[in-house]
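One structure is given here, and the rest of the page talks about it.
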Amino acid sequence: MSSALAAAATAAIPSIPRDDDGPVFRAPWEAHAFAMALSLHERGVFTWPEWAAALADEIKRAQAAGDPDTGETYYLHWLATLEGLVARKGVASMETLHRYRDAWDHAADRTPHGKPIELRDEDFKA
Amino acid sequence: MSQDHDDHHHHDHDHSELSETELRVRALETILTEKGYVEPAALDAIIQAYETKIGPHNGARVVAKAWSDPAFKTALLEDGSKAIGSLGHVSRVGDHLVVVENTPERHNMVVCTLCSCYPWEMLGLPPVWYKAAPYRSRAVKDPRGVLADFGVALPKDIEIRVWDSTAETRFLVLPMRPAGTEGWSEEQLAELVTRDSMIGTGFPKTPGAPS
């Protein structure tokens, strides 16, 4: 089922890096970013044409700011597109995104290596 | 191990670190999950589908080169991170990647009993079982039993060494080159190298066997 979702995404977004079997990722977080976009699309938060336009804008913006566009940064643009759309659609504001980002940073700092990093209430108060 | 942590309380690597990008991804994932836009199980299912696709199979290329080039193999076993860095095509490996060689006398197997440290730059995403508590705990106590579960039967006279990853050091197994591959190119050889053979829970494919 998830592969059918992924196939729909790769058909709609021709720029997704892929091989014969489907999308390829350079790091685990890239797969997470990819999967989140699939889920949000599935929930009707955006259409693929909408996503493609937002991603193209993001890439254009990055290139104007000097991104070498070698493909290595593709999922950074993907992530920025996700954040932008999530904010624009009223799912979560940029302030909220920053607050959670800082909380995760705090959680990582207080977690000894070897323990799973978990977010707690205290991380938001730091 | 907890003793160890106390001793190195102020060491840089003693706490967990997430890159700026990973922090943003986690923030987004947490919010979307809390608001019900994303089901963690559904997300996992999508990610699992690609677990073998992440990373450009760097590990297989490194192993194939070590099989073909004795000087590279020597350098690799001396300093894994440095030798792999010299190839130039791997964007980043940990500072301390140690390569351990399988021989007719000794089989190596990698585990992290603390968490699931894993050289994903070399091997792609860790398989689910690698992160599972039963694998982690049993691998140290009963490596032969765990290997048997993977269908890897080793003669009794072969020593099994289990390497426990730490915050600073991660391990990659250099499997033995399969027989019948004389004269093969590095590209052909790399095709035989499986992920499991580089964790030590499997062997490389044998020439001619259906993949």
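Each reported figure results from applying straightforward, stated rules to the coordinates on display, with no laboratory input. Bear in mind the structure is a predicted one, so any value in this text is a computation, not a measurement. As a convention, Cβ positions derive from the backbone with ideal geometry for all residues, glycine included, and neighbour counts pool all protein chains shown.
Per residue of A:96-109, what is the mean number of Cβ atoms on other protein chains within 10 angstrom of that residue's Cβ?
Mean inter-chain Cβ contacts per residue within 10 Å come to 5.
If you take each beta carbon of peptide B:29-39 and count the beta carbons of other chains within 10 angstrom, what is the mean?
Rounded to a whole number, the mean comes out at 6.
Would you mind putting A:76-83, A:41-48 in packing order, based on average other-beta-carbon counts within 10 Å, highest first?
So the peptides A:76-83, A:41-48, ranked by packing, come out A:76-83, A:41-48.
Based on the mean of other Cβ atoms within 10 Å per residue, sort peptides A:29-35, B:158-164 so the most packed one is first.
A:29-35, B:158-164
Note the angle between two axes, namely the Cα long axis of helix A:28-42 and the longest principal axis of the Cα atoms of chain A, as a number of degrees from 0 to 90, rounded to the nearest 10.
The helix A:28-42 is inclined about 70 degrees to chain A.
Could you pull out the pairs from B:73/B:141; A:125/B:35; B:156/B:205; B:65/B:141 whose alpha carbons sit more than 29 Å apart here?
With Cα atoms farther than 29 Å apart: B:73/B:141; B:65/B:141.
Per-residue Cβ counts within 10 Å, from other chains only, averaged over A:36-44: what number is that?
4
Can you tell me the Rg and the Dmax, both Å, for the Cα atoms in the range A:2-92?
For the range A:2-92, the Cα radius of gyration and maximum Cα-Cα distance read 12.6, 36 Å.
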